[in-house]
Amino acid sequence: MATAEPLSLVHIVLIIGFGGVAFLILFIFAKRQIMRFALKSRRGPHVLVGHNAPKYLKHEIDRRLKRIHEIKHEPKLLEANDYRYRFLQGENPTGEQITYIYRMKAVDATTLLDEQLRELDPSLCRPPGYNLREKLLDLREGPYAPLKAAKLSLLRAFADSYEHARHGFKDLRCVAKPFGEAEYMRHMGFLNEIINCIRNKIQSLENTGTVIHRKKEIGRASCRERV
């Protein structure tokens, strides 16, 4: 019976070399696949924001990026010279529905409420995105309480009208309720009553000198902030 010849040193070196090369190729391939899947699954950029930047600059960049979701703005929907105002005067060559213009006018009119509150105390103004209904209820309480004399039913009716104009209401058949000229005039009536309550409060505080003293405090605070 013939015996197998032992492997020579050259054969052993070749086997080890080919095995090492095969292992290295598999390792590189596996690493590339893992990195590819990791980059696809990441939501952020492949390179970190502020890479190789000073430490203080990285902190400032992160701080400002985290504040992005806090930035809110309520733009004015209709400018004074908007061409769509002509639709309300009977000029409507396109034949489209124009009831949405009353919705836009009603939403824009809310700034009149903020103007009156700013005259009393700028801190009482509603922040952008803040719920109007909650803000009206808050204005019935507090140190000044400009709407303390306003009826709760009036505030609720105005909040309902604002939500109707901005978001639209639907009936039981899921049909959107119209918001036309009649609804707009009713909305402005509620708003004028609320503004009159604020004006009466301002007048009563001016008679006692509270508003003037408050404005001086606000002016001094703003000067300190500038410094």
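The values are calculated or read from the model by the stated rules, or taken from the named source; none is laboratory data. Since we're looking at a predicted model, the values are computed, not measured. As a convention, Cβ positions derive from the backbone with ideal geometry for all residues, glycine included, and neighbour counts pool all protein chains shown. Just the protein is used for accessible areas: all its heavy atoms, side chains included, with ligands, DNA and RNA removed. Shrake-Rupley method; radii C 1.70, N 1.55, O 1.52, S 1.80 Å.
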**Item:** Accessible surface ranking that places the most exposed of 164, 11, 73 first, with a 1.4 angstrom probe
**Value:** 73, 11, 164
**Complete:** Taking a crude spin-label model, label points 7 Å out from Cα along the C-beta direction, the residue 86 to residue 32 distance in nm is 6.4 nm
**Message:** In segment 191-205, whose amide N lies under 16 Å from the spot 7 Å out along Cα-to-Cβ of residue 157? List them in ranges.
**Reply:** 191-197
**Asked** Residue separation times 0.36 nm, minus the C-alpha to C-alpha distance between residue 131 and residue 57: what's the value?
**Response** 23.1 nm
**Request:** With a point put 7 Å past each Cα toward its Cβ, work out how far residue 15 is from residue 70 in nm, to one decimal.
**Result:** 6.9 nm
